[in-house]
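Student: First the structure, which I've put down as structure tokens, then a few questions once you've had a look.
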Amino acid sequence: MGAHASSAAIVLICCWLWIVGAAPVPAGDLMQRLAVRKHLRRLNKPAVKSLKSPDGDIIDCVNIARQPAFDHPFLRNHTIQLRPAFHPEGLYDKKNLASELSKEKPNTLTQLWHQIGRCPEGTIPIRRTRKEEVLRASSVKRYGRKKQRTIPRPRFADPDLINESGHQHAIAYVEGDKYYGAKAIINVWEPNIQQTNEFSLSQLWILGGSFGQDLNSIEAGWLVSPDLYGDNNTRLFTYWTSDSYQATGCYNLLCSGFIQISSEIAMGATISPVSKYGRSQYDISILVWKDPKEGNWWMQFGSDYVMGYWPSFLFSYLAESASMVEWGGEVVNSEPDGQHTATEMGSGHFPEEGFGKASYFRNIQIVDESNNLKSPKGIDLFTDQSNCYDVQNGNNGDWGSYFFFGGPGRSPSCQ
């Protein structure tokens with residue numbers, strides 16, 4: 001019936017265009033337009049209230065029970081968990097709270113749309129998807145999804161694979177144990193992106209399974225992606241997949257999966273202000289952990305905002321635990337004109353420049369099997385091409401385990 005209905009709709013539209021004398025539209029284009037319209041209806045739920053952000057975004061305040069997650073067949077009769085049963089032990093001890101309010105971070109940041117207003121209780125803020133954003137994707141089906149092979153594989157750095165995938169990383173990581181969460185305070189910048197099909201991000205990855213077709217990943221951080229958003233703004237994001245970016249998962253709320261409970265923070269919305277070279281520095285705190293009672297994976301933004309959760313049934317390996325955690329930066333190098341891209345990672349400066357100039361992750365921690373938040377042991381570093389983007393780590397009292405990372409991309413030493 002669906003195919004017949006679509007065909008009938010195309011015939012009717014074609015006839016109407018012919019009657020009014022409009023230029024004929026190829027059937028393929030009409031099919032795409034109908035598919036885009038249908039997809040937008042699925043993503044953009046009816047709003048209780050809408051706010052126009054200074055950056056042009058529309059933030060829709062949507063009833064919490066009508067969010068995209070509940071389009072998932074397994075979530076139709078789901079009872080929303082309005083708070084986690086447990087937070088990780090140590091999250092609210094003096095040392096962790098002091099790290100959130102570090103004396104080297106005198107400035108707080110927020111989301112740009114907060115300048116206009118807030119969403120009422122019982123709703124969640126959802127950034128409205130525009131038609132042109134879906135049209136930029138390779139297909140409607142691929143909209144809001146990463147391309148395959150975007151996970152750094154530290155022990156398998158094959159130069160041919162790097163060039164083929166176009167993704168480059170500078171990360172710190174731990175493996176060889178069972179992990180039930182990760183936390184970091186991440187310096188926020190607005191890196192320059194050379195090509196619209198490239199991006200630059202800073203995030204944490206919580207990984208389970210092999211690096212084959214069955215990889216499970218939960219990701220969160222900040223992202224600059226002209227392809228996804230049509231601008232160079234720095235935006236909060238999450239991502240998940242249970243099959244190595246093939247058919248499952250997406251950014252933010254662009255598919256069914258993540259259940260948001262926060263009425264304060266919008267996934268995909270602009271973070272403001274951002275750090276400036278040699279001037280004020282801003283950072284965000286992100287925590288992802290597995291609730292030991294319910295088994296769902298929760299996310300917290302800052303010290304105040306519990307964002308929501310990924311139900312454990314979405315995953316295979318992560319239904320149990322993670323086997324690897326990564327923190328760091330990633331860019332796409334599309335090799336414009338046969339040369340390395342000038343897309344920046346982090347601040348666009350190398351780690352040796354230090355605080356105020358190079359981008360950092362500080363107070364990086366993992367959650368162990370006893371639900372304790374603690375500094376990881378045996379941190380390793382990895383970069384695909386250290387002459388383009390590099391990483392250097394350290395440890396001290398205020399910042400715990402930390403690292404500086406990033407770089408400018410194309411330069412005399414990176415061609």
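Student: If I go through segment 347-377 residue by residue, how many of them are open to solvent by less than 30 Å² (accessible area, probe 1.4 Å) and outside any loop (DSSP other than H, G, I, E, B)?
Tutor: Residues in segment 347-377 being open to solvent by less than 30 Å² (accessible area, probe 1.4 Å) and outside any loop (DSSP other than H, G, I, E, B): 11 in total.
Student: Hey, can you tell me all the residues within segment 214-253 that are touching a Cys at 6+ places or on another chain (Cβ under 9 Å), open to solvent by less than 10 Å² (accessible area, probe 1.4 Å) and assigned to a loop (DSSP other than H, G, I, E, B)?
Tutor: Gly249
Student: All but one of (1) assigned to a helix (DSSP H, G or I); (2) open to solvent by 50 Å² or more (accessible area, probe 1.4 Å) hold for Lys293, so report the exception by its number.
Tutor: All conditions are met except number (1).
Student: Give the residue, chosen from Asp93, Asp60, that is at pLDDT 95 or above and open to solvent by less than 80 Å² (accessible area, probe 1.4 Å).
Tutor: The unique qualifying residue is Asp60.
Student: Take the residues in segment 39-78 that are free of Cβ contacts under 8 Å to residues at least 60 places away in the same chain and part of a helix (DSSP H, G or I); name whichever of them is nearest to Gly257 (Cα to Cα).
Tutor: Pro73
Student: Scan segment 37-57 residue by residue and report those that are surrounded by fewer than 17 Cβ atoms within 10 Å (Cβ to Cβ), of a type in the set (Lys, Arg) and out of contact with any Phe, Trp or Tyr (no Cβ under 9 Å at 6 or more places or on another chain).
Tutor: Selection gives Arg37, Lys38, Arg41, Arg42, Lys49.
Student: Residues being part of a strand (DSSP E or B), crowded, with 19+ Cβ neighbours inside 10 Å and either hydrophobic (A, V, I, L, M, F, W, C) or in contact with a Cys (Cβ under 6 Å, 6 or more places away or on another chain) (or both): count how many of those fall in segment 378-413.
Tutor: So the answer is 5.
Student: Which of the residues belonging to segment 307-323 are outside any loop (DSSP other than H, G, I, E, B) and either open to solvent by 10 Å² or more (accessible area, probe 1.4 Å) or among the aromatic types (Phe, Trp, Tyr) (or both)?
Tutor: From segment 307-323, those outside any loop (DSSP other than H, G, I, E, B) are 307-310, 312-314, 317-319, 322-323; that's our starting set.
Passing the criteria: Tyr309, Trp310, Ser312, Phe313, Leu314, Tyr317, Ala319, Ser323.
Student: Right, something else. Do the conditions hold for Leu204, that is, is it in contact (Cβ under 8 Å) with a residue 12 or more places away in the chain, hydrophobic (A, V, I, L, M, F, W, C) and out of contact with any helix residue (DSSP H, G or I) (no Cβ under 6 Å at 6 or more places or on another chain)? Full working, then the answer.
Tutor: Numbers: in contact (Cβ under 8 Å) with a residue 12 or more places away in the chain: yes; hydrophobic (A, V, I, L, M, F, W, C): yes; out of contact with any helix residue (DSSP H, G or I) (no Cβ under 6 Å at 6 or more places or on another chain): yes.
So Leu204 passes the test.
The values are calculated or read from the model by the stated rules, or taken from the named source; none is laboratory data. Just so you know, these numbers come straight off a predicted model, no measurement behind them. Cβ sites come from the backbone with ideal geometry, for glycine too, and all protein chains shown count toward neighbours. In case anyone asks, the SASA skips ligands and DNA or RNA and just uses the protein heavy atoms, side chains included. Shrake-Rupley method; radii C 1.70, N 1.55, O 1.52, S 1.80 Å.
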